[in-house]
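Just below is one structure, and these are the notes that go with it.
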Amino acid sequence: MRHVFLDDQGSVRNGWKVLEFAALLTTLDFASAPLVQLWPAAWLVILPGRWFEVVISLVATWLCLRTEGSPLADVGLRLDRRFLAEVALGSLGGAALMLATAGLIHGLGGFHLVRDPGTGPAALAMGAWSFLAVACFEEVLFRGYAFQRAVRGLGFGGAQAVFALAFAYLHWDNPGMVGATRAWATLNIALAALLLGLCWRRTGRLALPIGVHLGWNWTQGNLLGFGVSGTEAPGWWTPVFHGRPEWLTGGAFGLEASAACTLVCGVAILGLWGWRGVSGGVSTASES
C-alpha cells in the first residue's frame, strides 16, 4: 500500500494531507460547538463568532504542520512588520476593486448613493473587525495549508481550479443565490478566488489575500451599503437602484453579482499574472 499513501520519497501524499486537514477542521468544529453556544452574547460584540472559526482553522493548520515538523510561517503566517504592511496594502487593493466596480455601475446609471445617518465611525470599525475575521478564516481555509498542499500535488493551475470551484460552491446557499444572480455571483466569486490565489503566489504569504478579502467586503458592505454575498451590512451610504438589470448592478446580493465585477476582476487577475511578485513569492518550479 506504500504507493497509495506515500510518494517516492516516503512522504505522505499531498491528497491525504488535504483530507487530514479537512478531518481535523471538522472534528475541532464539532468539539468546540458547546463552547460557542455558552459564549455570553455580550462578548460576541467584542469577539464575533467568526473568530472562533479563525482559531479552529489555525489549530487545524498547526496540527497538520506539526506532523511535518514545520511552523505556521510555512503557510505564510509569519506575523511581522511585512505581514501587517501587506494586509494594509491588500485592504487598499480590495477597496479599489469594489470602488472601481461601483464606479462603473454608477457611470452606467445603475444607482446613486445616499448617506445613512444611522451608521457612524463605530459601526465602520466593528464592521472592519468582523470582516477581518471572515477574511482570516476563509483565507486560511482556502489559501492556507490545504490549498498549498494541493499546489504541491496538482500544480498551481490545478489547485486554483479546484479551490475556486469550492470557494464558489461555499456561497451557493447564501441569500439571493437564484437565477441569473447565481450565475454571475458564482462566476465572480470563483474569479475572486483565482485573484486571491495569485496574491498568495506572488508574495508567498497569506497577508495580501487577507487584506484584499477584507477591503473587498468592508468597502462593498460597510462603506457603500451593498449586500456582501447576499448578506446585508450597515453602510455609511445606502445605494438607491434605478431599475437597471441585476446582472449590471448586482442587486441585493451585492456588487459581486454584477457584470462590472467580472470586468474588474479580470483586469486585476491579468495584472497579478503579469506582476513578478516580491522576494519570498512562490516560484514556478515549486508548483510542478
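The values are calculated or read from the model by the stated rules, or taken from the named source; none is laboratory data. These numbers come from a predicted model, not from an experiment. Virtual Cβ from ideal backbone geometry, glycine too; neighbours counted across all protein chains shown.
Numbers for the structure displayed
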quantity: Flag if Leu165 is surrounded by fewer than 20 Cβ atoms within 10 Å (Cβ to Cβ), out of contact with any helix residue (DSSP H, G or I) (no Cβ under 6 Å at 6 or more places or on another chain), over 21 Å from Ala102 (Cβ atoms) and at pLDDT below 95; calculated: no
quantity: Residues (within 10 Å of the chain's Cα centre (by Cα) and without any contact (Cβ under 8 Å) to a residue 60 or more places away in the chain) located in the stretch 182-200; calculated: Ala193, Leu196, Gly197
quantity: Those residues of the stretch 264-284 which are in contact with a Ser or Thr (Cβ under 8 Å, 6 or more places away or on another chain) and either closer than 19 Å to Gly215 by Cβ or among the polar types (S, T, N, Q) (or both), in sequence order; calculated: Val264, Val278
quantity: Test: residue in the stretch 65-80 that is over 17 Å from Ala207 (Cα atoms), surrounded by 15 or more Cβ atoms within 10 Å (Cβ to Cβ) and over 18 Å from the mean Cα position of the chain (by Cα); calculated: yes
quantity: Arg205, sole failed condition from (1) touching a residue at least 40 places away in the same chain (Cβ under 8 Å); (2) part of a helix (DSSP H, G or I); calculated: (2)
quantity: Residue within the stretch 43-50 that is farther than 28 Å from Leu196 by Cα and either of a type in the set (A, V, I, L, M) or in contact with a helix residue (DSSP H, G or I) (Cβ under 9 Å, 6 or more places away or on another chain) (or both) present; calculated: yes
quantity: When residues of the stretch 260-280 are limited to those that are outside any helix (DSSP H, G or I) and touching a helix residue (DSSP H, G or I) at 6+ places or on another chain (Cβ under 7 Å), the one surrounded by the most Cβ atoms within 10 Å (Cβ to Cβ); calculated: Gly277
quantity: Residue match in the stretch 56-63 (condition: loosely packed, with under 13 Cβ neighbours inside 10 Å and either closer than 15 Å to Phe131 by Cβ or out of contact with any Pro (no Cβ under 6 Å at 6 or more places or on another chain) (or both)); calculated: no
quantity: Residue match in the stretch 123-136 (condition: at pLDDT 95 or above, closer than 27 Å to Trp247 by Cα and in contact with a His (Cβ under 7 Å, 6 or more places away or on another chain)); calculated: yes
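Rundown of residues vs (1) within 17 Å of Gly176 (Cβ to Cβ); (2) in contact with a strand residue (DSSP E or B) (Cβ under 8 Å, 6 or more places away or on another chain), yes/no style:
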| position | (1), (2) |
| --- | --- |
| Ala207 | no, no |
| Phe226 | yes, yes |
| Gly230 | yes, no |
| Pro239 | yes, yes |
| Gly251 | yes, yes |
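Table: residues versus (1) part of a helix (DSSP H, G or I); (2) not small (Gly, Ala, Ser).
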site: Leu196; (1), (2): yes, yes
site: Trp216; (1), (2): yes, yes
site: Phe226; (1), (2): no, yes
site: Ala233; (1), (2): no, no
